[in-house]
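Participant: The structure follows.
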Amino acid sequence: QVQLVESGGGLVQAGGSLRLSCAASGIIFSINTMGWYRQAPGKQRELVASITSGRNTNYADSVKGRFTISRDNTNNTVYLQMNSLKPEDTAVYYCNSRLGSSPAYWGQGTQVTVSS
């Protein structure tokens, strides 16, 4: 079955950095578009960044210039490097995989907390 397992979340001070990882299994990783979403308390889940099979990337305006998404097709892993973190980046971060019109898959989420 498909599994997306996130890691790397935690507590960090404002201005700090974290790197999230998402290890995928059960999918043909290299042809999937991979994404990171986040959901803060009381808010809707939102797209943070995505990367296509051709390594085209897309970022939310709020994270452009601070976050970088990348993928390692050899190890079926997608990363989110987060720099210059702000308290408003506090959320549960979810990994997502999708392929065309097929159902998307989600990880269980990892908590990121940025203290001021």
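Participant: Quick check on this structure: which one of Arg38, Arg71, Arg55 is open to solvent by 50 Å² or more (accessible area, probe 1.4 Å), closer than 19 Å to Ala24 by Cβ and modelled with pLDDT of 95 or more?
Facilitator: Arg55
Participant: Mind checking which residues of the range 28-62 are farther than 16 Å from Gly109 by Cβ, in contact (Cβ under 8 Å) with a residue 12 or more places away in the chain and touching a strand residue (DSSP E or B) at 6+ places or on another chain (Cβ under 6 Å)?
Facilitator: Asn32, Thr33, Ser50, Ile51, Thr52, Thr57, Ala60
Participant: Hey, among the residues in the range 77-103 that are open to solvent by 50 Å² or more (accessible area, probe 1.4 Å) and either free of Cβ contacts under 8 Å to residues at least 60 places away in the same chain or not in a loop (DSSP other than H, G, I, E, B) (or both), which one's nearest to Ser30 (Cα to Cα)?
Facilitator: Arg98
Participant: Would you please name the residue that is nearest to Met34 (Cα to Cα), looking only at residues in the range 105-116 that are open to solvent by 50 Å² or more (accessible area, probe 1.4 Å) and not in a strand (DSSP E or B)?
Facilitator: Gln108
Participant: Can you pull out every residue in the range 12-26 that is of a type outside the set (Gly, Ala, Ser), surrounded by 13 or more Cβ atoms within 10 Å (Cβ to Cβ) and more than 11 Å from Gln81 (Cα to Cα)?
Facilitator: Within the range 12-26, Val12, Cys22 qualify.
Participant: Using the structure shown, decide if Gly65 is on the phi > 0 side of the Ramachandran plot and either in a strand (DSSP E or B) or free of Cβ contacts under 8 Å to residues at least 40 places away in the same chain (or both).
Facilitator: Spelling it out, Gly65 is indeed on the phi > 0 side of the Ramachandran plot and either in a strand (DSSP E or B) or free of Cβ contacts under 8 Å to residues at least 40 places away in the same chain (or both).
The values are calculated or read from the model by the stated rules, or taken from the named source; none is laboratory data. Being a predicted model, the structure only gives us computed values, none of them experimental. In this analysis, Cβ positions are derived from the backbone assuming ideal geometry, glycine residues included, and neighbour counts consider all displayed protein chains. We work out accessible area using only protein heavy atoms, side chains counted, and drop any ligands, DNA or RNA first. Shrake-Rupley method; radii C 1.70, N 1.55, O 1.52, S 1.80 Å.
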